[in-house]
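Data first, discussion second: the structure below is written as structure tokens.
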Amino acid sequence: MKLTILGSGSPEAYARRASTGYLLEIGGDRILFDCGGGVVDNLIRSGRLPKDITHLFFTHYHSDHMMDYARLIHAAWDEGGAPVKVFGPAPLAKINEGYFGPDGVLQNDLRARTELTQSQQVWVARGGTLPRPWPAPEITEIAPGFTFEGDGWKLTSARATHAQPILECLGFAVEHAGKKFVYSGDTGINKNITALCKDADFLLHWCYRGSGEQVHPALMAMSPDPAEVAIMAENAGVKRLFLTHFRIHMDGDNVHVAAHRDLAQHFSGDSGIVEDLREYSI
């Protein structure tokens, strides 16, 4: 498995980090986890195209996890790619319909591209055929405990503690060839996510606050700091641990130093803080 960090940031607009998005490649499958703002640009910078994405799994629908969704699907369609298989909690079907349905926000764009003679001529000149259908990703709404069998890989899910009851939130594990990758999603430490992480070869875990940083009490339980994540990962038998979802102020040198210190103190395996476009073999 090969992991590419396409977005390691937050909702904050930030040149160093796009919002959330992670690409996992297994054989011919290119699996995207979340699709926040800037992820499509980094996908292209990484040498891939939107049409290369075969599967997209959403953890939840905060804006920083899904703002590039319409762009990804539209671009893959315009490149002549196969429909993307898209999975996520409800209301995924409603979200997709709101973009690509007959009354969706992109209806006039799609009508112009598929009905106007000049647009049809451009499409045919690029190798397309008529009539040209609208984008039609394969939508599957999922819930905690959902599993999926890919080509030589298996995905499992668990409930993440984050924005309920308004947003259902998930974490994911992928197993392939005896290796296990876990993406926590945005979550507090809970028994479901801890079980998902058990014996993971690589854990990518969100980190919304620096070491010992105080946030609103309502956020504390769902926003573990580096030490708390490291302790959980060590107890779960994780082999490699990397933190993501950094906000702008968390990229200060002192915050990084403290995070690395806490990771080294509480976790015995390889650990660190991810950066956009960095790649990892699992």
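If we count other beta carbons within 10 Å of each Cβ, what is the order of Lys154, Lys51, fewest first? Walk me through the numbers before you get to the answer.
On the way: Lys154 13, Lys51 17.
Ordered by Cβ neighbours within 10 Å, fewest first: Lys154, Lys51.
Place a point 7 Å from the Cα of Glu12 along the Cα-to-Cβ direction; which residues of the stretch 184-207 have their backbone N under 15 Å from it?
207, by backbone N distance to the label point.
Counting other Cβ atoms within 10 Å, which GluC sites (Glu not before Pro) in the stretch 74-170 have at most 16 and lie in a DSSP loop? Provide the component values of the computation, followed by the final result.
On the way: sites: Glu79, Glu97, Glu115, Glu138, Glu141, Glu149, Glu168; in loops: Glu79, Glu168.
Sites meeting the loop and neighbour criteria: Glu79.
Just how large is the dipole of the chain about the Cα centre, in debye to the nearest 20, putting +1 at every Lys and Arg Cβ and -1 at every Asp and Glu Cβ? Show your work: numbers first, answer last.
Details: 26 positive and 34 negative charges, 63 e Å.
I would put it at about 300 debye.
Out of Met232, Met66, Met220, any idea which swings most in a Gaussian network model of the chain, alpha carbons joined below 10 Å?
Among Met232, Met66, Met220, the largest mean-square fluctuation in the Gaussian network model of the chain belongs to Met220.
Could you work out how far apart the two model spin labels at Arg71 and Arg45 are, taking each label as a point 7 Å from the Cα in the direction of the beta carbon, and quote it in nm?
Going by the 7 Å Cα→Cβ label model, 1.2 nm.
If amide H atoms are built 1.01 Å from N in the plane of the peptide, which residues on other chains or at least 5 residues away come under 5 Å of the amide H of Val238?
So Val238 has HN proximity to Asp199, Ala200.
Using the Kirkwood formula over every pair of different C-alpha atoms, what hydrodynamic radius in Å results for the stretch 24-78? Mind dumping the intermediate values first?
Values: mean 1/r = 0.0894 Å⁻¹.
One over the average 1/r among Cα pairs gives 11.2 Å for the stretch 24-78.
Expressed as an acute angle from 0 to 90° and rounded to the nearest 10, what is the orientation of the C-alpha long axis of helix 253-266 relative to the principal long axis of the chain?
So the helix axis and the longest Cα principal axis differ by about 70 degrees.
Search the structure for amide H atoms under 5 Å from the amide H of Ala18, placed 1.01 Å from N in the peptide plane, and list their residues when 5 or more places away or on another chain.
Close amide H contacts, sequence-distant or interchain: Ser8, Gly9.
Rounded to the nearest Å, what's the spacing between the alpha carbon centres of the stretch 214-273 and the stretch 174-192? Just the number, please.
Using only Cα atoms, the two centres lie 16 Å from each other.
Which FRET efficiency value, to the nearest 0.05, do you get for Asn108 and Lys2 by plugging their Cβ-Cβ distance into 1/(1 + (r/R0)^6) with R0 = 35 Å? Provide the component values of the computation, followed by the final result.
Working: r = 39 Å, r/R0 = 1.12.
Here the calculated transfer efficiency is 0.35.
In sequence order, what are the phi-derived ³J(HN,Hα) couplings for the stretch 186-200 according to the Karplus relation 6.51 cos²θ - 1.76 cosθ + 1.60 with θ = phi - 60°, rounded to whole Hz, with x for glycine and proline?
7, 7, x, 7, 9, 5, 5, 5, 4, 5, 4, 7, 3, 6, 5
Springs between alpha-carbon pairs under 10 angstrom, Gaussian network model over the chain: which of Gly152, Gly178, Gly88 fluctuates most?
Gly178
Listed here are the pairs Lys2/Lys51; Lys51/Lys198; Lys94/Lys179; Lys94/Lys198; Lys51/Lys191; Lys94/Lys239; which of them are more than 30 Å apart at the Cα?
Values: Lys2/Lys51 18 Å; Lys51/Lys198 33 Å; Lys94/Lys179 35 Å; Lys94/Lys198 34 Å; Lys51/Lys191 37 Å; Lys94/Lys239 39 Å.
Flagged as over cut-off: Lys51/Lys198; Lys94/Lys179; Lys94/Lys198; Lys51/Lys191; Lys94/Lys239.
Give me the number: length gained by fully extending Thr129 to Leu277, i.e. 0.36 nm times residue separation minus the C-alpha to C-alpha distance, one decimal in nm. Numbers along the way, then the final one.
Numbers: separation 148, 0.36 × 148 = 53.28 nm, distance 3.53 nm.
Result: 49.8 nm gained on full extension.
Just to confirm a number: summing +1 for Lys and Arg and -1 for Asp and Glu over residues other than Glu168 whose beta-carbon lies under 15 angstrom from that of Glu168, what do you get? Mind dumping the intermediate values first?
On the way: positive: Lys94, Arg159; negative: Asp34, Glu141, Asp186.
Value of the local net charge: -1.
Can you match P(r) over Cα pairs in 5 Å bins from 0, in percent to one of these, (i) 1, 5, 9, 11, 13, 13, 12, 11, 9, 7, 5, 3, 2, 1, 0; (ii) 1, 6, 13, 16, 19, 16, 11, 7, 5, 3, 2, 1, 0, 0; (iii) 1, 5, 11, 14, 16, 16, 14, 11, 8, 4, 1, 0, 0, based on a calculation from the structure here?
Given (i) 1, 5, 9, 11, 13, 13, 12, 11, 9, 7, 5, 3, 2, 1, 0; (ii) 1, 6, 13, 16, 19, 16, 11, 7, 5, 3, 2, 1, 0, 0; (iii) 1, 5, 11, 14, 16, 16, 14, 11, 8, 4, 1, 0, 0, the calculated one carries the label (ii).
Using the 10 angstrom Cβ neighbour count as an exposure proxy, how do Tyr14, Tyr208 rank, fewest first?
Tyr14, Tyr208
Given springs between every Cα pair under 10 Å in a Gaussian network model of the chain, which of Leu130, Leu243, Leu92 has the largest fluctuation?
Greatest mean-square fluctuation among the candidates belongs to Leu130.
Give me a comma-separated list of calculated 3J(HN,Hα) values for the stretch 277-282, in order, Karplus coefficients 6.51, -1.76, 1.60 applied at θ = phi - 60°, integers in Hz, x for any Gly or Pro.
For the stretch 277-282, the Karplus curve yields 6, 6, 10, 9, 9, 10 Hz.
Placing +1 on the Cβ of each Lys and Arg and -1 on the Cβ of each Asp and Glu in the stretch 2-274, which of Met220, Ala200, Ala259 has its Cα farthest towards the positive end of the resulting dipole?
Ala200
Every number in this text was worked out from the coordinates using simple rules, so none of it is lab data. Just so it is clear, the model here is predicted, and its values are computed rather than measured. Here Cβ is always computed from backbone atoms with ideal geometry, including for glycine, and neighbour counts include all displayed protein chains.
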